[in-house]
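Taken together, the values in this text are just the output of simple stated rules run on the coordinates, not laboratory data. Just so we're clear, the structure is a prediction, and the values are computed from it rather than from any experiment. Cβ placement follows ideal geometry from the backbone for every residue including glycine, while neighbour counts extend to all protein chains displayed.
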Amino acid sequence: MSQIETLPIADWTPTVAAADTARYAAMLEAGKVLLLPRLRFDLRSDERRFLDPRWSDQKAKNISFDPATAQIKGAIGNAADLEDLRRLLERFHQRAVGVIRALFPEYAAQLRIARASFRPMPVAGRHASWRKDDSRLHVDAFPSRPNRGERILRVFSNVNPADLPRVWRVGEPFADLAARFLPRLPRQLPGSAGVMNALRITKSPRSAYDHYMLQLHDAMKADLAYQQSAPQQSVPFPAGGSWICFSDQASHAVMSGQYLFEQTLHLPVAALYDPASSPLRVLERLAGRALA
Ligand code: SIN
Ligand code: FE
């Protein structure tokens, strides 16, 4: 069964019938990747100059926009260029948040809007340690920001000017990979959450949920046999298109492409139509206890 659902949405402020918003949310909460092949994020002609890796400071993986301060990080250039680039990221941020509010009005009041990013580096040939290697199937989990089950919702737009797709592998449903890996994940050491928080390795104490999500992320990436044999499909996300998923739930790996915009949003488990579908509840059912 495909993990991809295609939606006929072609503008950033669509009018969506109530029955469709519920249907789209059900797909998303089932862990599908929603593909919007005609939802294009357009760059103006004077903004095309930003489609070049030279704007990256090469230290950060991405150029990011923080909605709390409206500032960008990770870019180099003169003040005028950086202001134009900042406005470009801000515009993507506004469009991406707008389309999420339009598609999922039931989520709107409870969304917590996080950073947007622009990824100008080519994917292929990026060498990273296995833990940071996003060309291995994984679910997203943040080592330094425990979230206690809060969802990670992401909007992506491929703006490649040469019409190159961004190619992902999309893996098996979360319940399947959780059942496969949870029995072999080490338990959280008693006291470790407090120690890591005191040492500022984390920004707040890591819950058992955060512990298991990080272990799951690592165990998936470390298992090369799993990487090859796991149920998966290759998905070319077209240039001029967008896609949306809960990246803490949809198993994914990026294989190739260049020039991507991304917006992250967070949502409490209680705001879902079906909280039982969340990674928190799936892991709790398997573990037989509360994890957050
Ligand atoms: C990831 O979230 O693993 C990377 C996605 C991408 O850069 O396409
Ligand atoms: Fe990821």
>> Using the alpha carbons of the chain, what is the convex hull volume per residue in cubic angstrom, as a whole number?
In response: 136
> Using alpha-carbon positions, what is the distance between the centroids of the stretch 80-103 and the stretch 178-207, in Å?
Replying inline: 35
> What angle, in degrees between 0 and 90 and rounded to the nearest 10, separates the Cα long axis of helix 208-222 from the longest principal axis of the Cα atoms of the chain?
Replying inline: 70
>> How would Tyr107, Tyr212, Tyr273 line up from fewest to most surrounding beta-carbon atoms within 10 angstrom?
In response: Tyr273, Tyr107, Tyr212
> Expressed as a whole number of Å, what is the distance separating the alpha-carbon centroids of the stretch 136-156 and the stretch 253-268?
Replying inline: 11
> Once you sort the root eigenvalues of the Cα gyration tensor of the stretch 69-144 as a ≥ b ≥ c, which label holds: rounded (a/c under 1.5), prolate (a/b larger than b/c) or oblate (the other case)?
Replying inline: oblate
> What is the Cα coordinate range of the stretch 120-272 on the first, second and third principal axes, sorted by size from largest, in whole angstrom?
Replying inline: 52, 32, 31
>> Can you give me the angle between helix 79-103 and the longest principal axis of the chain, using Cα atoms only, in degrees from 0 to 90, rounded to the nearest 10?
In response: 60
>> Tell me the net charge near Asp248. Cut-off is 13 Å between Cβ atoms, Asp248 excluded, with +1 for each Lys or Arg and -1 for each Asp or Glu.
In response: +1
>> For the stretch 110-177, what are Rg and Dmax over the alpha carbons, in angstrom?
In response: 14.5, 41
> How do the peptides 152-158, 214-220, 225-231 rank, highest first, by the average count of neighbouring beta carbon atoms within 10 Å per residue?
Replying inline: 152-158, 214-220, 225-231
>> Rounding to the nearest 10 and keeping the result within 0 to 90°, find how far the Cα-based axis of helix 18-29 lies from the longest principal axis of the chain.
In response: 60
> If you add up the charges near Gln233, with Lys and Arg at +1 and Asp and Glu at -1, over every other residue whose beta carbon is less than 15 angstrom from its beta carbon, what do you get?
Replying inline: 0
>> Apply the Karplus curve 6.51 cos²θ - 1.76 cosθ + 1.60, θ = phi - 60°, to the phi angles in the stretch 153-168 and return the couplings in whole Hz, x for Gly and Pro.
In response: 10, 10, 10, 10, 10, 8, 10, 4, x, 9, 6, 7, x, 9, 9, 10
> How would you rank 27-33, 16-22, highest first, on the average number of other Cβ atoms within 10 Å across their residues?
Replying inline: 27-33, 16-22
>> Sort Val170, Val159 by Cβ crowding within 10 Å, fewest neighbours at the top.
In response: Val170, Val159
> Within a Cβ distance under 12 Å of Gly98, other residues only, what is the Lys/Arg minus Asp/Glu net charge?
Replying inline: +2
>> Among DSSP bridges having both ends in the chain, what percentage is antiparallel? Round to the nearest 5.
In response: 95
>> Quick check: pseudo-label points 7 Å beyond the Cα along Cα→Cβ at Gln110 and Met255, how many nm apart are they?
In response: 3.6
> If you line up the Cα atoms of the stretch 1-143 on their principal axes, what length do they span on each, largest first, in Å?
Replying inline: 48, 36, 27
